[in-house]
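Below is one structure; the comments refer to it alone.
The values are calculated or read from the model by the stated rules, or taken from the named source; none is laboratory data. Everything numeric here is computed off the predicted structure, so don't read it as measured data. Backbone-built Cβ (ideal geometry, glycine too); neighbour counts: all protein chains shown.
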Amino acid sequence: MEESQKAQKKVKPRFQPRGCAILYEDQDIIVVEKVSGLLTMGSDRERTKTAYQHVTHYVKKGNPRSKNRIFIVHRLDKDTSGVLVFAKTEAAKVYLQTEWQSFSKTYIAVVEGQLAEKEGIIESYLTENSIHRVFSVKNPNKGKYAKTGYKVIRESKYFSMLEINLFTGRKNQIRVHFSEHGNPVAGDKMYGIKGKGVKRLALHSTSLTIQHPFTKKEMTFEAGTPGFFKQLMK
């Protein structure tokens, strides 16, 4: 694998997609920083206000007849912000999805309370019930293996800031693992503590390292820690 290189931002685009700052773009991929509150792709309730639709509009440059398109490689939860990559060809999509588990994915999270072990790994088998809530099961035949590494980087009276290495990419993995660990992600309305007054989910995809689907060079894309997370830690 080639030596890691930090991707450079390109010139500010004319058709900047709403809620998605362009971090990098070439003929094979486009990488954005998604804001919290924006779906990656459509759902039964929302089909148009998504990162996928906004970036599609960008690559078409406002021309609905354009044949330019993007392909979904992975997803971030609606309330998770940070680095999100789309493919611009089907071949690039297939390559990235095939190699996805081997890529390095780093998140920053602020969780409730303090952790007894300041560094460690959480492993479980995750499954989903009929109301789309994810939880851990002991039987490996009834769930998908999930592995989350973490390290405490800051602590305050009420919160801990973590650097998280996502070894697998299961739905709601980080949120479920830390909720079940007794330290839910701050602002998590589904798996966390209600009534805390935290205005958004404190989970952010801060760094993603991939192997480029065409050049095979290793590329790292970064999105700095949101200021809101730092405010929580004061």
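Some observations on this one:
- Residues of segment 59-84 that turn out to be polar (S, T, N, Q) and at pLDDT 95 or above, as a count: 2
- Pair list, Cβ < 7 Å and 6+ apart or interchain, from segment 183-198 residues that are surrounded by fewer than 20 Cβ atoms within 10 Å (Cβ to Cβ) to residues that are β-branched (Val, Ile, Thr): Tyr191/Val176
- Checking each residue in segment 60-101 for being of a type in the set (Ser, Thr, Tyr), in a helix (DSSP H, G or I) and without any contact (Cβ under 8 Å) to a residue 12 or more places away in the chain picks out only Thr98.
- Note on segment 117-139: among residues that are at pLDDT 95 or above and outside any strand (DSSP E or B), the one that is farthest from Thr206 (Cα to Cα) is Glu117.
- Sub-8 Å Cβ pairs linking a first residue in segment 158-176 that is under 21 Å from Met233 (Cα atoms) to a second residue that is among the charged types (D, E, K, R) and outside any strand (DSSP E or B), at least 6 apart or interchain, are Arg175/Asp77; Arg175/Asp188, ordered by first then second residue.
- If only residues of segment 215-234 that are in contact with a strand residue (DSSP E or B) (Cβ under 9 Å, 6 or more places away or on another chain) and loosely packed, with under 15 Cβ neighbours inside 10 Å are counted, the one that is farthest from Lys157 (Cα to Cα) is Lys217.
- Selected residue [touching a helix residue (DSSP H, G or I) at 6+ places or on another chain (Cβ under 6 Å) and modelled with pLDDT of 90 or more] from Ala51, Ala87: Ala87
- Members of segment 157-214 found to be among the small types (Gly, Ala, Ser) and in a strand (DSSP E or B), listed by number: Ser160, Ser205, Ser207
- Among the candidates Gln114, Gln173, Gln101, residue that is modelled with pLDDT of 95 or more and within 16 Å of the chain's Cα centre (by Cα): Gln173
- Against the test of being in contact with a Phe, Trp or Tyr (Cβ under 7 Å, 6 or more places away or on another chain), farther than 15 Å from Gly169 by Cα, basic (Lys, Arg) and at pLDDT 95 or above, the options Lys144, Lys93 yield a single qualifying residue, Lys93.
- Any chance Val83 is under 16 Å from Gln173 (Cα atoms) and β-branched (Val, Ile, Thr): no
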